[in-house]
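Asks: Okay, handing you the structure first.
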């Protein structure tokens, strides 16, 4: 019975889920957890002494969220620097101000992005987005594979008092102005040689 349910979930995800780029997902899963550590106020966001990283998803993307969790656990083995961490998979309908989390990663949702971003901002936690275009809706970070891997940060988020990043991070990110995300050139997503290079890096880690 469990195998039937698992197969059913896979089929549902294939039939209706968003089409994600596996290389981008793995790059984000490798880098975003490390960015959490660059918040000088991370101690204030710990939940029972742990970093809690919540992946926000739509039900059709459950298997994608689960695969990201498995990838992170395989690579970080329960430890981010000196901190233990926990990954929670949270349906976007269940995400609220009462959700105990230190940071969130939002998969591609057709709606409710602004609501999720507002909650994250009010809680004073870092928010990551799979899709860079969702930064204009209030999420904080995204990562794009162009000629190189580029970490984008929405500039106006720096005005918050609850998050303070180390200088080294601010020197390496590409800042996104309020209406800039629509202008991001996506042509390098189709660069096959670059994707094969990144794919080989991730495969070598397995």
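Asks: How do the peptides 97-103, 62-68 rank, highest first, by the average count of neighbouring beta carbon atoms within 10 Å per residue?
Replies: Result, highest mean first: 62-68, 97-103.
Asks: Please sort 31-37, 79-85 by packing, taking for each peptide the average over its residues of neighbouring beta carbons within 10 angstrom, highest first.
Replies: Packing proxy ranking, top to bottom: 31-37, 79-85.
Asks: How do 44-52, 121-129 rank on mean C-beta neighbours within 10 Å, highest first?
Replies: Peptide ranking by packing, descending: 121-129, 44-52.
Readers should treat all values here as calculations from the given coordinates under stated rules, not as data from a laboratory. Quantities reported herein were computed from a predicted structural model and do not represent experimental measurements. Reconstructed Cβ throughout: ideal geometry from the backbone, glycine too, with neighbour counts over all protein chains shown.
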